[in-house]
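*Asks:* Quick one: structure below, then a few questions.
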């Protein structure tokens with residue numbers, strides 16, 4: 001089993017024309033090799049009768065691993081893969097098969113009490129529109145619902161066009177970062193209103209979908225690599241006038257196993273998906289513009 005972390009590096013070349021070329025850097029931070037079956041003493045090769053054959057194997061993963069990230073052509077990314085090789089005699093080509101797997105480290109929210117603590121946040125704009133928010137907790141798993149309350153003081157009764165709430169994933173591989181929106185919504189109770197006082201509850205359901213959990217990893221097989229995965233909830237107020245929009249971001253933690261006391265959207269379906277550290281999706285092929293290293297390099 002091997003793991004690759006790929007990041008883009010920019011190189012500037014100057015001749016008669018200026019051009020920028022992207023150089024991709026692969027870093028291996030996990031490599032395990034197993035010989036499932038080999039010839040017995042006195043045998044030069046293995047001979048099997050015609051038909052189907054199967055072999056059992058087990059690979060124990062380290063407790064600290066970064067999650068799989070960006071299973072596509074997007075950079076940077078973290079990929080795990082299994083490469084099976086049938087080593088044949090020199091006069092016949094080897095047979096190999098590569099299977100990409102998804103690896104998520106276990107992040108148990110109940111191990112850290114701060115994930116279940118309430119949180120408040122606030123901000124304001126130059127028109128004295130003041131936002132104060134409250135979240136019931138800061139740690140969630142897929143399938144749960146983020147719930148909270150927003151209070152707005154609008155003494156000048158400026159028209160508030162909308163309040164946009166979004167959950168973002170921000171991950172960093174070495175010095176390369178990527179930001180992705182997980183979900184978004186517009187609060188229906190605050191659209192084109194100029195009320196002086198607003199109190200609005202909100203509830204945003206996280207989809208039952210595999211998400212890389214929050215993670216901070218530094219390590220490597222030959223070279224060290226750092227991988228960080230963070231989530232934050234952004235509340236943005238769109239107000240009438242110039243330079244009147246403002247927002248506030250609240251760091252959140254996405255885990256693989258929830259606290260004992262969950263809200264109305266229990267995590268049972270999510271943990272069915274996320275409880276295992278390794279899962280495969282053979283029907284959803286990964287983008288393989290950058291294939292894994294050849295057998296010779298991984299077998300060294």
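*Asks:* Go through (1) in a loop (DSSP other than H, G, I, E, B); (2) farther than 24 Å from residue 119 by Cα; (3) touching a residue at least 40 places away in the same chain (Cβ under 8 Å) and name the single condition residue 172 misses.
*Replies:* Single failed check for residue 172: (1).
*Asks:* A follow-up question, please. Please work out if residue 198 is over 27 Å from residue 258 (Cβ atoms) and either under 15 Å from the mean Cα position of the chain (by Cα) or surrounded by 18 or more Cβ atoms within 10 Å (Cβ to Cβ) (or both).
*Replies:* Criteria met by residue 198.
*Asks:* If I filter region 106-116 for residues that are more than 28 Å from residue 220 (Cβ to Cβ), in a helix (DSSP H, G or I) and without any contact (Cβ under 8 Å) to a residue 12 or more places away in the chain, do I get at least one hit?
*Replies:* yes
*Asks:* In region 1-88, which strands (runs of 3 or more DSSP E) lie fully inside it and hold 1 or more residues that are at pLDDT 85 or above?
*Replies:* 77-86
*Asks:* State the number of residues belonging to region 162-210 that are out of contact with any strand residue (DSSP E or B) (no Cβ under 6 Å at 6 or more places or on another chain) and closer than 23 Å to residue 29 by Cα.
*Replies:* So the count comes out to 3.
*Asks:* Only one residue in 237, 229 is assigned to a strand (DSSP E or B), outside the structural domain of residue 32 (by TED's automatic domain parsing) and farther than 20 Å from residue 257 by Cα. Which one?
*Replies:* Among 237, 229, only 237 is assigned to a strand (DSSP E or B), outside the structural domain of residue 32 (by TED's automatic domain parsing) and farther than 20 Å from residue 257 by Cα.
*Asks:* Moving on. With respect to residue 98, is the statement that it is within 20 Å of residue 230 (Cβ to Cβ) and in contact (Cβ under 8 Å) with a residue 24 or more places away in the chain true?
*Replies:* For residue 98, the condition - within 20 Å of residue 230 (Cβ to Cβ) and in contact (Cβ under 8 Å) with a residue 24 or more places away in the chain - is not met.
*Asks:* Just to verify a result, which residue in region 33-90, among those that are in contact (Cβ under 8 Å) with a residue 60 or more places away in the chain and more than 23 Å from the chain's Cα centre (by Cα), is surrounded by the most Cβ atoms within 10 Å (Cβ to Cβ)?
*Replies:* Of everything passing the filter in region 33-90, 83 is surrounded by the most Cβ atoms within 10 Å (Cβ to Cβ).
The values are calculated or read from the model by the stated rules, or taken from the named source; none is laboratory data. What you are looking at is a predicted structure, and each value in this text was computed from that prediction instead of being measured. Counting neighbours? That spans all protein chains shown, and the Cβs are built from the backbone with ideal geometry, glycine included.
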